[in-house]
Amino acid sequence: MISMSNHRLCSTSARCFLVGGLAFAPLADADIFMRVDEDGVVNLTNVPSGPGFERILTEPVERIAARNEPSQEPPNGKGRARFGNAIAAAAQQHGVSGALLHAVIEAESNYNPNAVSPKGAVGLMQLMPTTARQYGVADSRDPAANIAAGARYLKDLLAMFNNDLTMAVAAYNAGPQSVIRNGNAIPPYRETQRYVPRVLSLYQRNQTLIR
């Protein structure tokens with residue numbers, strides 16, 4: 001088990017990156033706990049010791065993207081149009097950029113609602129079964145439910161990493177604990193190091209296409 005104590009993520013508030021809307025599960029090594037000291041130092045750990053630690057994230061053992069390689073298929077214009085309304089609705093409801101949701105979906109599944117990864121990630125945003133249950137998704141092949149859950153997860157990651165888009169995208173692929181363990185840097189996994197620039201490139205492109 002790896003301790004991540006005394007890792008400074010921000011110094012403004014004890015709740016500067018608290019994750020909202022998560023249904024906390026029983027204690028597990030993948031859970032992340034936080035304590036903010038009087039001097040503003042944020043302490044993160046998966047093995048809390050002493051008083052004052054609060055669980056802020058239950059990280060599924062099966063990560064949401066299962067460290068998938070990003071899709072390299074040609075752009076799916078029909079898929080973009082087909083799911084555009086559902087993506088826009090989720091973006092507005094959960095306060096996440098539509099351009100970012102499109103980028104993640106294109107990298108994850110290229111707009112295929114029936115996509116299944118070798119490790120069991122399902123649907124447009126490639127939800128793992130544990131993550132789907134955590135966000136109340138009964139059928140990950142349901143486009144609207146899948147997009148909404150993925151949007152909520154991205155919102156939680158952005159909050160956790162103080163709106164650092166690069167770290168949130170890396171955490172979507174490799175899991176937030178992996179990002180924290182690597183000093184708030186992209187983890188040294190080939191899939192993640194290919195995934196992050198792919199999503200960020202698509203996001204930049206989408207900002208000129210999606211308002």
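The values are calculated or read from the model by the stated rules, or taken from the named source; none is laboratory data. No experiment lies behind these values; they were computed from the predicted model shown. A quick note on method: Cβ atoms are made from the backbone with ideal geometry, for glycine too, and the neighbour counts reach across all protein chains shown.
For this structure, a couple of remarks:
- The range 134-150, subset at pLDDT 95 or above and of a type in the set (S, T, N, Q), residue nearest to A91 (Cα to Cα): N146
- Looking across the range 162-211, the residues that are in a helix (DSSP H, G or I) and either in contact with a Cys (Cβ under 6 Å, 6 or more places away or on another chain) or of a type in the set (G, A, S) (or both) come down to A168, A170, A171, A174, S178, S201.
- Residues in the range 152-211 that are within 13 Å of L100 (Cβ to Cβ) and among the hydroxyl-bearing types (S, T, Y): Y153, T166, Y172, S201, Y203.
- Lone qualifier among A132, A148, A91 - being touching a Ser or Thr at 6+ places or on another chain (Cβ under 6 Å) and assigned to a helix (DSSP H, G or I): A132
- Residue in the range 116-125 that is assigned to a loop (DSSP other than H, G, I, E, B), closer than 18 Å to R198 by Cα, at pLDDT 95 or above and in contact with a Ser or Thr (Cβ under 8 Å, 6 or more places away or on another chain) present: yes
- Any chance V122 is surrounded by 22 or more Cβ atoms within 10 Å (Cβ to Cβ) and touching a Gly at 6+ places or on another chain (Cβ under 8 Å): no
- Annotation for the range 99-106: no member residue is buried (at least 17 other Cβ atoms within 10 Å of the Cβ), assigned to a loop (DSSP other than H, G, I, E, B), small (G, A, S) and at pLDDT 75 or above.
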